[in-house]
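See structure below.
The values are calculated or read from the model by the stated rules, or taken from the named source; none is laboratory data. On a predicted model such as this, the values are computed, not experimentally measured, just so you know. So basically every Cβ, Gly included, is an ideal-geometry build from the backbone, and we count neighbours across all protein chains shown. Please note that ligands, DNA and RNA were not included when accessible areas were found on the heavy atoms of the full protein model with its side chains. Shrake-Rupley method; radii C 1.70, N 1.55, O 1.52, S 1.80 Å.
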Amino acid sequence: MLDMTAAKQAVKNRFKSKKSLSHPPVDYEVLIIGAGIAGIGMACRLQQQKHKGRFGQKKPKQHQQNSTQRFVILEKRADLGGTWDLFTYPGIRSDSDALTFGYSFRPWLDHRMLAKGADIKRYVADTAREFAVTEHIRYQHEVQQLSWSSRHQQWTAMVKNHRSGEVFTLTANFVVGATGYYDYEQGYRPYFDQEAVFQGRIVHPQHWQNLNYQDKKVVIIGSGATAMTLLPALVDEAGEQCARHVTLLQRSPTYVASVAGDDYALDWLSGKFSPLSKEQAYTVLRARNVLMQQGIYRAAIFAPKVMKALLKQGVKKELKGSNVDVAHFVPDYNPWDERLCAVPDSDLFKALHSPRAQMVTDEIDQFTKTGIMLKSGKHLNADIIVTATGLQLQMLGGATVYIDGQAMDIGTRMTYKAVMIEGVPNMVALFGYTNASWTLKIDLACQYVVRLLGYMHKNRYQVALPQAKTDRAQAHIQPDTVMGALSAGYVQRAKDTLPKQGDRYPWYVTNNYLSDRVMLKYRKITDDWLHFSR
């Protein structure tokens, strides 16, 4: 009898041994890559889940630890903030209103509409501290490779510690890519003919480091939000420095609209004689701004000629009394084929009324010793040339991805609900909106991830895998990427890098907050395309 008992125990031990070999314990349940807006938002949502017993709504207390959802944030840079830590050029700001740019779970109660970069970074850092996320961040840790093992049902990340130079691995059940969509090491920088002969300074805004432009002639090459932000900041006499003259040189016109720099509706809606608290007023005004953003975008899509006329009329009004041609702000394409540039309190247009600023629409022939020769024959004198020529896009901070030893080309896969990637298990890649505040979509996606993880825990699933082919239908890949149909150069250059859209739900990207809110917050986790296994 004892022998039989010993034999059974030996078999049981052998089974346990095999099980532990095939499913070794992981270092972390969730690995978050990036400590910017998306990474901090994701971590805060996990902390909220911890303190609500996975499914309640209780707000976490400060500095509590031992999360049921164990997670770590690996950040390549030396500080949090992502974009708002990287860019330091004069005037750096958000092009989305603060009420929708802030997290829904931590209202940004500020009357300033387009927040400054330093204020945004401070807000992100304060949020991380309040939700006890800071202690989970490992700075100067770069994820260089991600490898999925179907046998072990886990990810292995190859990580480089840039402080010590050590390269090591860690494992996780689930990976959240919160790295944004562009390369932090280098921006897009085209080569210009004869640029080596230029005797001044050439700088990309992504590498702006305390550049002295006092009393200098500056030419900014570009037509996006960065260029539109730089011009008024460089000629601002109230600033610490002031350029002698600034020229904004664009190859083609851009749509620009002025918005109010401040919004005091929050104060009067929650004022002395109002029944609403400040948080309630915030909810009302946030909803107002979301609807306004969506309304303007839909109007531009369905009535582009009307929107084009309205934008042109607005620019005419702004430029009245100046020598600036309105043609600089009337592109050939329709509104929202590329992003609209929003400027607060008409600061760009006010700067163009100054004799120290000008707008030029032309193409570059070559650089000279003293500036830029244009194809029209005009010469622009410059001491400093700023190449605000765009971004270089990449996925997952440049980390390579392998599935069972096979390299995965994410650019050939479709995006599932604009959150997960076809054929890639237990991974999400967080993307925000291109037609509204980036954070609106990030926040919805993070809530979806929490719901997904909760569903997997509840049902003891180890793997969630989006697959485009079902018994009833198969989705087909389309040329548009997860960034939508934007014709902007930085999106077109990355069309082979970013995940694609499909021709049907849930593989196409709507860029519609209202429908995304229903899809990501309220629809069932289970469907025909997301497959679970134990």
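Structure summary
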| read-out | value |
| --- | --- |
| Heavy-atom accessible area per residue - the chain, 1.4 Å, Å² | 46 Å² |
| Residues with amide H under 5 Å from that of Q394, placed H, sequence gap 5 or more | Y182, D183 |
| Solvent exposure ordering (accessible area, 1.4 Å, most first) of F302, F105 | F302, F105 |
| Neighbour net charge for G397 - beta-carbon separation under 9 angstrom, K R +1, D E -1 | -1 |
| Gyration tensor (Cα) of the range 235-309, equivalent ellipsoid semi-axes in angstrom | 34, 25, 8 |
| Cleavage-rule hits (trypsin sites (Lys or Arg not before Pro)) in the range 134-215: DSSP loop, at most 15 neighbouring Cβ within 10 angstrom | R151, R163 |
| Radius of gyration, Dmax [the range 140-229; alpha carbons; angstrom] | 20.4, 64 |
| Beta bridges by DSSP in the chain, antiparallel share as percent, to the nearest 5 | 45 percent |
| Vicinal HN-Hα couplings computed from phi for the range 420-435 (Karplus, 6.51 cos²θ - 1.76 cosθ + 1.60; Hz; Gly/Pro x) | 9, 10, 3, x, 10, x, 6, 9, 10, 10, 7, 10, x, 7, 9, 10 |
| Cβ crowding within 10 Å averaged over residues, with 312-324, 364-376 ranked highest first | 364-376, 312-324 |
| Calculated semi-axes √(5λ) of the Cα gyration tensor in Å (choose from (1) 36, 28, 23; (2) 45, 26, 23; (3) 52, 25, 19), label | (2) |
| List V175, V167, ordered by accessible area with a 1.4 Å probe, largest first | V167, V175 |
| Cross-link pairs K116/K320; K278/K320; K317/K521 - those with Cα-Cα distance over 32 Å | K278/K320; K317/K521 |
| Accessible-area composition of the chain, carbon plus sulfur, in percent [1.4 Å probe] | 50 percent |
| 14 Å Cα-Cα reach of K50 towards aspartates and glutamates, excluding residues that sit fewer than 8 places from it in its own chain | E29 |
| V463 long-range amide H proximity, modeled H, under 5 Å | S533 |
| Rg/Rg_globular for the range 378-534, with Rg_globular taken as 2.2 N^0.38 Å and Rg from C-alpha atoms | 1.19 |
| Shape box of the range 177-276 [Cα atoms, principal axes, largest first, Å] | 66, 41, 29 |
| Local electrostatic count at V326 - Lys and Arg +1, Asp and Glu -1, tallied over other residues with Cβ under 14 Å | +3 |
| Diffusion constant of the range 210-352 at 37 °C, which comes from Stokes-Einstein with the Kirkwood Cα-pair radius and 0.692 mPa s, µm²/s | 189 µm²/s |
| Helix-only [θ]222 nm of the chain, DSSP H runs n ≥ 4, -39500 (n - 2.57) each, per residue, nearest 500 | -8500 deg cm²/dmol |
| Alpha-carbon spread of the range 273-412, three principal axes, descending order, Å | 63, 57, 32 |
